[in-house]
Amino acid sequence: MPTLSTDIRSHFPIFAWHSREKKPFYYLDNAATTLKPLTVIDTVRDYYSKYSSNIHRGLYPIAVKASNAYEDARTKVQHFLNAAHPEEIVFTSGSTASLNLLASSWAGHMLQEGDEILLSPMEHHANLVPWQQISAQKNLHLRFLPLDAEGNLQLDQLDSFDSSSIKLISIVHISNTLGHINDIGTIIGWAKKRDIRVIVDAAQSVTLYPLDVQKLDMDFLVCSGHKMFGPTGIGILYGKKEWLQAMPPYLSGGDMIKKVGLYESTFADPPHKFEAGTPPIAEAIGLGAAIDFLNYLDRPALLNELDQLTTYAMEQLRSVPDLEILGKAPKRSHIISFTMNGIHPHDIATFLAQDGIAIRAGHHCTQPLMEHFGIGASARASLSIYNTAEEIDALAGALQQIQSFFNS
Ligand code: PMP
């Protein structure tokens, strides 16, 4: 039975707080957001308490310090993703904002009527609805890679696709509902041979899975700081320099211009062209601290332990009568969705909450995927580096009790 190091837990003050307050706390909702290490909390606090100021134009010391810290965070993200240039990293408010920016600025200006965008039915709504919106505006067509009955992308069918009108593939790396790990290497390879651009939604994967945007030859990648042990309100859009240069701005106003006249303006170069107005300064600097924390961790070793813990969790959940795990993938991550015969997922989550066990229930912003499985909702437990076998035992034990309660 694997146990992750308690040392990791000591970085996250929320555990100590719950323990002091004698409140049971089993946090198994990491796909929604991760907990924050002290170093991130302290970094954000330091900005507000020691050098709170706006960036880029102030010439006094704290404004210079804030500007440098903000741009340092960009460089940290660049190195984390192995992007070729810091200008390829745009700060947004999250994956959703990054995808809306791409739909509006890239698809809105680069695609023509009749062009096609290839997605999958397992996309988070953030990687579906913006494409529906821009398709309606521009008469584009959405197409979908098929899923098999177990929710696996049928990549062997890629070659049967008429790709002549496909201009973009936007695909999730790790499904936030199933935990399936999609083979983005194969998808990108197929797309490159056909001169199709690829966006990878790495919201669930970038934290622990090494993603080298140059090696994988990604055109765009999106992710959210709050799922990477960083603050809420900050996200990343990676884009190849040539694409970002060709795209028009998304939001316009201050801080994204070169020269403004009464009737027209010219725009700054990327990334600032896409960062209009006062950006999330504290959040970006906090994200920089989260990247430092991730670099400090032995991520391959932790991922290995997390895989073992997930296998253990799957075994424990399978021992609960009438519990069904959604999806069977050859490669899966630390996200497990399940249903229990006749018990509504919201009842499961509510009962677990009474024992201090935090999971999520609902459609997980993947309604088409739920439809694929013929259900409206599932319960979802998602693990991270600080979870332990004891927490899994608590979850499995509580699920057994819920099952007996509803069956008695
Ligand atoms: N894509 C995936 C795969 C996600 O899991 C999420 C968040 N659940 C998003 C996109 C949207 O992220 P955010 O809400 O941080 O914008």
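Structural remarks
- Residue within the range 141-157 that is open to solvent by less than 10 Å² (accessible area, probe 1.4 Å) and more than 16 Å from the ligand (Cβ to nearest atom) present: no
- Hits in the range 360-408 - residues which are more than 24 Å from residue 307 (Cβ to Cβ), among the small types (Gly, Ala, Ser) and modelled with pLDDT of 95 or more: 361, 362, 374, 376, 377
- Put simply, of 174, 187 the only residue that is within 20 Å of the chain's Cα centre (by Cα) and closer than 17 Å to residue 204 by Cα is 174.
- Taking the conditions (1) of a type outside the set (Val, Ile, Thr); (2) within 8 Å of the ligand (Cβ to nearest atom); (3) open to solvent by 30 Å² or more (accessible area, probe 1.4 Å) in turn, residue 241 satisfies each one other than (2).
- Hits in the range 284-300 (condition: open to solvent by 50 Å² or more (accessible area, probe 1.4 Å) and within 26 Å of residue 62 (Cβ to Cβ)): 292
Yes/no matrix, rows are residues, columns are (1) under 26 Å from residue 232 (Cβ atoms); (2) open to solvent by 30 Å² or more (accessible area, probe 1.4 Å); (3) not polar (S, T, N, Q):
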site: 262; (1), (2), (3): no, yes, yes
site: 266; (1), (2), (3): no, yes, no
site: 270; (1), (2), (3): yes, no, yes
site: 273; (1), (2), (3): yes, no, yes
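- Elements of type strands (runs of 3 or more DSSP E) in the range 156-274, at least 1 residues being in contact (Cβ under 8 Å) with a residue 40 or more places away in the chain and over 30 Å from residue 39 (Cβ atoms): 166-172, 197-201
For every residue, the table says whether it meets (1) outside the structural domain of residue 256 (by TED's automatic domain parsing); (2) more than 22 Å from the chain's Cα centre (by Cα); (3) within 16 Å of the ligand (Cβ to nearest atom); (4) part of a helix (DSSP H, G or I).
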{"residue": "59", "(1), (2), (3), (4)": "no, yes, no, no"}
{"residue": "64", "(1), (2), (3), (4)": "no, yes, no, yes"}
{"residue": "69", "(1), (2), (3), (4)": "no, yes, no, yes"}
{"residue": "83", "(1), (2), (3), (4)": "no, no, no, no"}
{"residue": "90", "(1), (2), (3), (4)": "no, no, yes, no"}
{"residue": "103", "(1), (2), (3), (4)": "no, no, yes, yes"}
{"residue": "113", "(1), (2), (3), (4)": "no, yes, no, no"}
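- The set of residues in the range 158-180 that are aliphatic (A, V, I, L, M) and more than 16 Å from the ligand (Cβ to nearest atom) comprises 158, 166, 168.
- Within the range 38-53, residues that are closer than 13 Å to residue 70 by Cα and in contact (Cβ under 8 Å) with a residue 40 or more places away in the chain sit with their Cβ atoms under 8 Å from residues that are assigned to a loop (DSSP other than H, G, I, E, B) and open to solvent by less than 60 Å² (accessible area, probe 1.4 Å), at 6+ positions apart or across chains, in these pairs: 44/231.
- Residue in the range 189-206 that is more than 10 Å from the ligand (Cβ to nearest atom), at pLDDT below 95 and within 22 Å of residue 31 (Cβ to Cβ) present: no
- Scanning the range 303-359 for residues that are small (Gly, Ala, Ser), modelled with pLDDT of 95 or more and open to solvent by 10 Å² or more (accessible area, probe 1.4 Å) turns up 319, 349, 353, 356, 358.
- Hits in the range 209-231 - residues which are open to solvent by less than 10 Å² (accessible area, probe 1.4 Å) and either within 16 Å of the ligand (Cβ to nearest atom) or within 19 Å of residue 300 (Cα to Cα) (or both): 213, 218, 220, 221, 222, 223, 224, 225, 228, 229, 230
- Candidate set from the range 22-50 (those that are charged (D, E, K, R) and under 17 Å from residue 231 (Cα atoms)); member that is most open to solvent (accessible area, probe 1.4 Å): 45
- Residue 255 farther than 21 Å from residue 75 by Cβ, open to solvent by 10 Å² or more (accessible area, probe 1.4 Å) and acidic (Asp, Glu): no
- The listed residues are 126, 83, 103, 107, and the only one of them that is free of Cβ contacts under 8 Å to residues at least 40 places away in the same chain and surrounded by 17 or more Cβ atoms within 10 Å (Cβ to Cβ) turns out to be 103.
- Among the residues listed as 186, 207, the single one being hydroxyl-bearing (Ser, Thr, Tyr) and touching a Phe, Trp or Tyr at 6+ places or on another chain (Cβ under 8 Å): 207
- Residue in the range 127-140 that is among the β-branched types (Val, Ile, Thr) and within 16 Å of the ligand (Cβ to nearest atom) present: yes
The values are calculated or read from the model by the stated rules, or taken from the named source; none is laboratory data. Predicted model, so just to flag it, every value in this text is computed and none were measured. Because the Cβ atoms are built from the backbone with ideal geometry, glycine has one as well, and the counts that use them run over all protein chains shown. Keep in mind that these areas ignore ligands, DNA and RNA; they rest on the heavy atoms of the full protein, side chains included. Shrake-Rupley method; radii C 1.70, N 1.55, O 1.52, S 1.80 Å.
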